[in-house]
Every structure is written in C-alpha cells, then in structure tokens.
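*Asks:* Please see the structure below; I have some questions.
The values are calculated or read from the model by the stated rules, or taken from the named source; none is laboratory data. Please read all numbers here as calculations on a predicted model, not as lab measurements. As a convention, Cβ positions derive from the backbone with ideal geometry for all residues, glycine included, and neighbour counts pool all protein chains shown.
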Amino acid sequence: MAREQIKPRGALWFGYNPVVGWLMEATPQSTAILREVRDGFEPDAWKAGFTGYTGLTLEARRQLTARGLQSEALSGEIVAAYYAEQSDAARGLSYPYLRVKLVDGGEAYLVSLGLNTGPGQMLTQKLLGVTPGDHVRLTVFGKIENGYANHAASLRDRQGHEIRGPGGLFRVAETLVQDKITALREQGLDSRELVAQTRAQVKLEFHRRLIEDQIAPSFAAYGNGPSESMSTPDDASRVDTNPASGFDDASDGVPF
C-alpha cells in the first residue's frame, strides 16, 4: 500500500474591471495582459471608463479576447462572505473589499469586489437574502443606461431567480449621507470634493457594517467558525498578494 498526500488546490481569484465591464479570473498573467491592453489607450480615455458596446470598451474586449481572456459567470455553493482590506505600502493606502467564496465540486472561486463600488455594495445587500450553502450563480457586468455607465452584480438561485436584499437599504444609506452632509454644512464645510468624499465614506461604512454585523457572522456559523467559513489557509496566505485587487477601480489609484 502506498500513501499519497495531495495538497488541496487553492481558490481561483476573480476580480471586476469597470472599464472592460467583465468579471475575470485574476492571475499575474491576466493582470499583465490587462495592463498591456490599458497601456495601448490614452490614459484619459481609459480613466473615462466604460463605453458599452462601442469605442474603447469594445476594442479593449476584442484585444483581451484575442489574448485568451473572457468574461466569467460563476456557479457553486456560496460558503463564505467577509470584509477585507488590501494594503498598498508604496502609496500608503488601503482598499476595502467584499470577498465571496463559491465552491463547485473540486474547485473554489474567490470573488473580490471593491466595497466602494456599485457592484460591491449591490452584492452586499443581496447577500442578506442568501442562506449560506445555497447554490448560486454570480455575475458582474457593465451597461449603459440613459447615457451613463452603470455597473451591477447579479446573484441568482438554482431556479434562476434573482436574489434580492431586504429592500430600502440604499435609501437608508442615503439618509445617513444627507445627515452627515448637513452636519458638515452647519460647520461651514461644503466644498464639492468634501461632499463627494463624505458620501463615499458613509456608504462604504454602511455596507461594511452590514458585512461585519450580519453577513460574515452568518457564514461563520455555517462554516462552524471563522477558520472554516471566512478563509481556508490558502486563501489567508494570499490576501496580501491578491491579484484581483488590481482589477477594481479606474479612478482611485488602483492600477486598473
């Protein structure tokens, strides 16, 4: 009799690029390809973002497809969801993320979405309608609506029905935003930049609290503790070098 020790495969990482409007597997190779494609466009054009089925986005998709990259949709049992921060020592910054883990047979997928983005906040609210262990299908995509780019996350159950959060949470977040802005204006602080920063920070904190107070504990209980549900040892070891961290935001200093 021979004994073999087989090391489990680590989770495959996925990130969303808002210029291309694709959820993609995030590896050093795909990150390098995305960087090369980005560098082929004028910086201001890339920073302007998603253009739908025309212009920069269409051409970038064509080039990425020719290099073997594609948009992904992921299906499997949802077994973990938690908040994480990615540090950028060179810039002295940290970036907030929602991380969601799906398992399908022998494969595991770890999706990392910026919590300061529309898809990250939308998915956070949808997770309040999920039972840990449910089979789901997750997609993230961009579209043009009324002339503006809109990015969204879709989470469907096994029957193909869209999973929705409890409703009204965006209104609750907006109320908190307005309360904070009113307090600032009462202090004579009402610059456009400060108002925008305040709006983003209040919404980020609101969704972080949803994750940490409600979503993560639910998954921790399902996994019989944080060591099981929030990350496997392999996941934890890759947090600081997460390749998906470069996919998220075109306008906040993150490479892509």
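*Asks:* Please determine whether any residue of region 187-197 is charged (D, E, K, R), within 25 Å of VAL100 (Cβ to Cβ) and surrounded by 11 or more Cβ atoms within 10 Å (Cβ to Cβ).
*Replies:* No.
*Asks:* Being crowded, with 16+ Cβ neighbours inside 10 Å and hydroxyl-bearing (Ser, Thr, Tyr) is the filter here, so list the residues in region 150-178 that pass it.
*Replies:* The one that is crowded, with 16+ Cβ neighbours inside 10 Å and hydroxyl-bearing (Ser, Thr, Tyr): SER154.
*Asks:* Right, another one. Condition test on PRO119, is it buried (at least 16 other Cβ atoms within 10 Å of the Cβ) and assigned to a loop (DSSP other than H, G, I, E, B)?
*Replies:* When the stated conditions are applied, PRO119 does not pass them.
*Asks:* Follow-up question, since we're still on this one. What pairs come out if I take residues in region 112-139 that are in contact (Cβ under 8 Å) with a residue 60 or more places away in the chain and closer than 18 Å to LEU23 by Cα and pair them with residues that are buried (at least 22 other Cβ atoms within 10 Å of the Cβ) and of a type in the set (Asp, Glu) whose C-beta lies under 6 Å away, six or more apart or interchain?
*Replies:* Here the result reads GLY114/ASP248, each pair linking region 112-139 to a residue that is buried (at least 22 other Cβ atoms within 10 Å of the Cβ) and of a type in the set (Asp, Glu).
*Asks:* Here's a follow-up. For region 27-70, enumerate the residues that are closer than 17 Å to HIS151 by Cβ, assigned to a loop (DSSP other than H, G, I, E, B) and under 18 Å from the mean Cα position of the chain (by Cα).
*Replies:* Result: GLY49, PHE50.
*Asks:* How about region 92-111: which of its residues are surrounded by 13 or more Cβ atoms within 10 Å (Cβ to Cβ) and hydroxyl-bearing (Ser, Thr, Tyr)?
*Replies:* TYR95, TYR97, TYR109
*Asks:* Within region 10-19, does at least one residue satisfy the condition of being aliphatic (A, V, I, L, M), closer than 30 Å to GLN125 by Cβ and either at pLDDT below 95 or surrounded by fewer than 21 Cβ atoms within 10 Å (Cβ to Cβ) (or both)?
*Replies:* Among the residues of region 10-19, at least one is aliphatic (A, V, I, L, M), closer than 30 Å to GLN125 by Cβ and either at pLDDT below 95 or surrounded by fewer than 21 Cβ atoms within 10 Å (Cβ to Cβ) (or both), which makes the answer yes.
*Asks:* Would you check if there is a residue in region 166-189 being closer than 22 Å to GLY21 by Cα and modelled with pLDDT of 95 or more?
*Replies:* No, that holds for no residue.
*Asks:* May I pose another question? Working carefully through the options ALA73, ALA89, find the one that is within 16 Å of the chain's Cα centre (by Cα) and surrounded by fewer than 17 Cβ atoms within 10 Å (Cβ to Cβ).
*Replies:* Answer to the check: ALA73.
*Asks:* Exactly one condition in (1) free of Cβ contacts under 8 Å to residues at least 12 places away in the same chain; (2) of a type outside the set (Val, Ile, Thr); (3) within 16 Å of ALA153 (Cβ to Cβ) is not met by SER94; state its number.
*Replies:* Result: SER94 fails condition (3) only.
*Asks:* Please specify each residue of region 54-70 satisfying the condition of being surrounded by 15 or more Cβ atoms within 10 Å (Cβ to Cβ) and either without any contact (Cβ under 8 Å) to a residue 24 or more places away in the chain or within 16 Å of VAL140 (Cβ to Cβ) (or both).
*Replies:* THR57, ARG61, LEU64, LEU69
*Asks:* Every residue in region 153-175 that is β-branched (Val, Ile, Thr) and more than 23 Å from GLY142 (Cα to Cα), please.
*Replies:* Across region 153-175, the qualifying residues are VAL172, THR175.
*Asks:* Please tell me if GLU77 is farther than 30 Å from ARG199 by Cα, among the charged types (D, E, K, R) and part of a loop (DSSP other than H, G, I, E, B).
*Replies:* It is false that GLU77 is farther than 30 Å from ARG199 by Cα, among the charged types (D, E, K, R) and part of a loop (DSSP other than H, G, I, E, B).
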